[in-house]
Structure formats: C-alpha cells, structure tokens
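Participant: Pasting a structure below so you can have a look.
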Amino acid sequence: MPHQDWSGFSFDGIGTRWEISTPEPLGNAVRRSLREVVEDYDRNYSRFRADSVVAGLAREAGTATLPSGASGLEALFRKLYRLSSGAVTPLIGGSLEQLGYGPGYALQALGDPVPAPRWEDVLEWNGTQVTTSVPLVLDIGAAGKGQLVDLTTEVLRSSGIAEFLVDASGDMFHSGMEPLRVALEHPYDPTQAIGVVDLHDGALCASAANRRAWGDGLHHVLDGATGRPIETVVATWTMAATAMEADALATALFMVDPKVLEEEFEFSWLKVYSDGHAVFSTGFEGTLFA
C-alpha cells in the first residue's frame, strides 16, 4: 500500500494477483470495469485456456481478430524481434510448452529445447489481424501484463481517479503527487531486497528467472533463437512511461545489450547477472544495498 490511509482493491486475473490502491475506495462500477478489462484480455491472449483466441490459433492455422491494443503489441514486438535478432519473439509459446510450461502445467520437459519458428516464415500480423500458415502458440507474455496494467490505468483515469498505484505482482504503474519507494526483490530470496527505487508517475516492471521456474535450470525467460532458458542474467528492472514498454524491455534485457535498446527506447534499467554483479543505467535513480 503506497500510503497507510489509501484504500486497496485486490483480485486475481491472468494468473496473477492485482492490487489497486487509491486515496478513496473504488466504487462498484469501477471495480467491475477493472475485472472486465482483465477478463477480456485473458479471453483473447491466454494460452492456458481452451476458449481463448490464441488457443484457437494453436489448434488450427488461420486468421484471427485481436483487440485494438494488438496494434501496439505488434509494433513493439517487431522492433524487439529486429533488435534481438529473433531472440525476443511472440512465437516463444511452443518452446515454453516443449519445456513443460503449457496449459497442463506438466512442468517437465517433453524433450530437448526447440527454437521458436521465424516470424517471417509463419506469421502475418497487421494491427488487429493475425494470420498463421501453421498452428502456432502465440505468446505475448513479454509485454502483455504490462499492456494490461496500462489498460487498467485507463479505466481509473476515465473514472476521474488521478492518484493510484496499480500493482500486478511486481509490474507497477504509479500516478500521484508524491513518489513511491519500491523495494527490489532479491532474485534468490523473495523475503529480501537488493535495493530500493523511487517510482513517480510512470511504470516499473521486473523480470526474474526465479518467478516462474521449474526443474533444473528451467524457467520462463527463453532465447527464441535457441529455445533455451537464459543462464547469464537472473533479474532485470526497467522504468518507462508505459508499463507495456517497461515489461517488454525487462525481458529484452536478458538477451540484448542495453546500449542497443537505448538507441530506440527511452527507459532506465537495472540488470543483475548470475555471478552476482549488477549494472544499471545513469537514469535508474535507486539505491542498491551492498
């Protein structure tokens, strides 16, 4: 809770816990709208439910229509796909399922890692229209939760609420008069922090190998070019104007040199490596503990 006297509204959606904090309690209509936005997103993009649009594309090749926000996702993924030479891709879903992270939550690898198919070979994505030449597991997880955070902020602002914190299990957007001090979770011990950062009128997103991990060396951050989990980086944090960009860049930092990303994105960042050392941008105004 950003302030002790603020009110909180919590609910579950897209497999994560949501905490909406505001100076005054949210009315029933706003609460209902927030839940509906999250449910609609899940119904379109979840690869864990059989009735989603994405699940339909995994069963059979064809054309599907996604919500209007898909245009922003397409542009962002195209740029990161280019900058990462295919390592960051919305086609990583099949690789994740090969390693056991699929609808059945088998959490056991089905075989050796497999690279994601090349975008240019199998997918046409133009705004809200997606056409596949073969059945594909579309996975927009690298930016999806962040985009959904942005959509919930739109609900709050359209309801006349100017001060708030949206916290989707660590992916945050803050709006308010005073900065919010946020602890940075230790990648190996969730009860500890490695530092703190001040968040003010913007987004803070994190990606960590320990957040969704199973088996020996298996976790959800994969290199699309190889289908293998990243081993050299264990956690990243990014701050940007939107949660969608912050979320996607937090994933991209696992695979792309920050200098390459800084050429086309305006953001600040912190990157922690598996050997324990950390690097960060000059704009990341936080404090790391020794």
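The values are calculated or read from the model by the stated rules, or taken from the named source; none is laboratory data. Computed from a predicted model, the values in this text were never measured in an experiment. Quick reminder, even Gly has a Cβ in these numbers, built from the backbone with ideal geometry, and neighbours come from all protein chains shown. Please note that ligands, DNA and RNA were not included when accessible areas were found on the heavy atoms of the full protein model with its side chains. Shrake-Rupley method; radii C 1.70, N 1.55, O 1.52, S 1.80 Å.
Participant: Mind putting together the pair-distance distribution for the stretch 104-185? All Cα pairs, 5 Å bins, whole percent per bin, short to long.
Facilitator: Whole-percent P(r) values from 0 Å outward: 3, 10, 14, 15, 13, 13, 12, 10, 8, 3, 0.
Participant: Rg/Rh for the chain to two decimals, with Rh computed the Kirkwood way over all alpha-carbon pairs. Before the final figure, lay out the partial values.
Facilitator: Numbers: Rg = 18.5 Å, Rh = 19.5 Å.
Radius of gyration over Kirkwood radius for the chain works out to 0.95.
Participant: For the chain, what does the helix formula give at 222 nm: sum of -39500 (n - 2.57) over DSSP H segments with n ≥ 4, over the residue count, nearest 500 deg cm²/dmol? Don't jump to the answer; show the numbers that get you there.
Facilitator: Numbers: 8 runs with 82 residues, N = 290.
Per the formula, -8500 deg cm²/dmol.
Participant: Over the stretch 1-149, what number does the Rg to Rh ratio reach, with both radii from the alpha-carbon atoms and Rh per Kirkwood?
Facilitator: On the way: Rg = 17.4 Å, Rh = 16.9 Å.
We get a ratio of 1.03 for the stretch 1-149.
Participant: Charges only on Cβ, +1 for Lys and Arg, -1 for Asp and Glu: so what's the dipole of the chain about the Cα centre, in debye to the nearest 20?
Facilitator: Values: 20 positive and 39 negative charges, 107 e Å.
Dipole of the chain, to the nearest 20 debye: 520 debye.
Participant: Still on this model: Hand me the GluC sites (Glu not before Pro) from the stretch 26-80 located in a DSSP loop with no more than 14 other Cβ atoms within 10 Å, in residue order please. Please report the intermediate quantities before stating the final value.
Facilitator: Working: sites: GLU36, GLU39, GLU60, GLU74; in loops: GLU60.
Passing sites in the stretch 26-80 are GLU60.
Participant: Could you state the principal axis extents of the C-alpha atoms in the stretch 157-290, from the largest down, to the nearest angstrom?
Facilitator: 47, 33, 29
Participant: What length, rounded to one decimal in nm, is gained on full extension from ALA75 through to MET177, with 0.36 nm per residue of separation minus their alpha-carbon distance?
Facilitator: On the way: separation 102, 0.36 × 102 = 36.72 nm, distance 3.19 nm.
Length gained between ALA75 and MET177: 33.5 nm.
Participant: Same structure again: Using a 1.4 Å probe on the protein chains only, how many percent of the accessible area of the stretch 96-233 belongs to carbon and sulfur? Don't skip to the answer; put the middle values down first.
Facilitator: Numbers: 3170 of 6310 Å².
Answer for the stretch 96-233 is 50 percent, counting heavy atoms of protein chains only.
Participant: Across the Cα atoms of the stretch 72-136, what radius of gyration and what greatest pairwise Cα-Cα distance (Dmax) are found, in Å?
Facilitator: 12.9, 35
Participant: Counting heavy atoms of the protein chains only and a 1.4 Å probe, report the per residue accessible area for the stretch 73-222 as a whole number of Å².
Facilitator: Details: 6420 Å² over 150 residues.
Per residue, the stretch 73-222 has an accessible area of 43 Å².
Participant: Given just the C-alpha atoms of the stretch 1-75, how large is their convex hull per residue in cubic angstrom?
Facilitator: Per-residue hull volume (Cα only) is 116 Å³.
Participant: Provide the gained length on full extension for the span ALA109 to SER159, in nm with one decimal, where the gain is 0.36 nm per separating residue minus the Cα-Cα distance. Walk me through the numbers before you get to the answer.
Facilitator: Details: separation 50, 0.36 × 50 = 18.00 nm, distance 4.56 nm.
Length difference between fully extended and current span is 13.4 nm.
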